[in-house]
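Scroll down for the structure; my scribbles are underneath it.
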Amino acid sequence: MKRRFLGTTGLKVSRLGLGTLTWGTDTDAHEAQAQLRAFVDAGGTLLDTAAGYGNGASESLIGKFLGSVVDRDDVVLATKAGITRPRGERVVDVSRGALLRNLDTSLERLGVDYVDLWQVHTWSDDVPLPETLTAVDAAVASGRARYVGISNYSGWQTAMAAAHQLAAAGRTRLASTQVEYSLVQRGIEREVAPAAEALGLGILPWSPLGRGVLTGKYRTGTPADSRAASSTFERYVGVHLNPTAAQVVEAVCRAAEGLELSPVQVALAWVRDQPGVTAPIVGARTAAQLEESLSVEGVTLPDEIVDALDDVSAPEFGYPEL
């Protein structure tokens, strides 16, 4: 698998990342191990998790695999802090103290001394941004993180955070922003992507398959074994089960038929090759599903197909973007 630099840093990562949202919860150890092995065998390096995934279950499972299934040095280990679920309910705390506690706990679960990329999982109005960013500086200064990034920040929040870090000596440049981006969710193109480009952040799209909708599996209904049929993920997938998204899905499926590819390959190739994108983060229910995503490595979409997909999925632009 080819590799790309993460933003304007010297960190190189595979141009697909492996997401582990359900590891340790819906995805058991046997299946997770098979996915990790397939990913690394395909040349993948970027392994993404978070303290809030399964309230730490994902990190704990990865910690068991490092050294036994894959060597620590064979992966670029990325995690996130700021969201926890101590009693099953989502708690957001991006204060300096909470973030650094999250990081220490993450390192303990992962069984490592440092992570390659540490990301603030979300914005919060409850904590002043400069305080949040002192945590990323402390993480790098202490050697517990090599690079730092943000996740789920809006355009102005992205610009404000990145500019703050560039404004004074001793602050750590932000390397990346992880945001939802796919053919059915192109909102970041209005302001987040331009801010990332201007300030040197690599874009790590999460849910590049539109929460599974762009696979085409929901064209005629909801399969019993799909995430939309799960009480846990029904609302998560349902965001993109609407007439507008359905038009995009049909276009992806028609393109796939014409190119003798799968909808997964078409949708992933489109987002992977968008300006500013470093590596889409792909998650899978099974190793077989992951193998299909990994097969996109040799796929490059013809310009006319890209143009057609751009047209059918175009986000609305207006004042003040245009």
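Note on segment 228-322: enclosed helices (runs of 4 or more DSSP H) holding 3 or more residues that are closer than 21 Å to Ala196 by Cβ are 263-272, 303-313. Checking the structure you have, find out if any residue of segment 87-95 is free of Cβ contacts under 8 Å to residues at least 60 places away in the same chain and within 27 Å of Ser14 (Cα to Cα). No; the residues of segment 87-95 include none that is free of Cβ contacts under 8 Å to residues at least 60 places away in the same chain and within 27 Å of Ser14 (Cα to Cα). Could you list, in sequence order, the residues of segment 158-183 that are on the phi < 0 side of the Ramachandran plot and out of contact with any strand residue (DSSP E or B) (no Cβ under 8 Å at 6 or more places or on another chain)? Correct list: Ala159, Met160, Ala163, His164, Leu166, Ala167, Ala168, Ala169, Arg171, Arg173, Leu183. Scan segment 145-166 and give yes if some residue there is small (Gly, Ala, Ser), modelled with pLDDT under 95 and surrounded by fewer than 19 Cβ atoms within 10 Å (Cβ to Cβ), otherwise no. Looking for residues that are small (Gly, Ala, Ser), modelled with pLDDT under 95 and surrounded by fewer than 19 Cβ atoms within 10 Å (Cβ to Cβ), one finds none in segment 145-166, hence no. Tallying residues that are aromatic (Phe, Trp, Tyr), part of a helix (DSSP H, G or I) and within 19 Å of the chain's Cα centre (by Cα) within segment 17-75 yields 2. Within the option set Thr79, Thr20, being buried (at least 24 other Cβ atoms within 10 Å of the Cβ), β-branched (Val, Ile, Thr) and out of contact with any Gly (no Cβ under 9 Å at 6 or more places or on another chain) holds for one residue only, Thr79. Regarding Val112, is this residue assigned to a loop (DSSP other than H, G, I, E, B) and closer than 26 Å to Gly67 by Cα? For Val112, the condition - assigned to a loop (DSSP other than H, G, I, E, B) and closer than 26 Å to Gly67 by Cα - is met.
For the criterion of being in contact with a Lys or Arg (Cβ under 7 Å, 6 or more places away or on another chain) and over 20 Å from Val252 (Cα atoms), Leu166 passes.
The values are calculated or read from the model by the stated rules, or taken from the named source; none is laboratory data. Please read these numbers as outputs of a predicted model, since none were measured by experiment. Glycine gets a Cβ as well: all are built from the backbone with ideal geometry, and neighbour counts include every protein chain shown.
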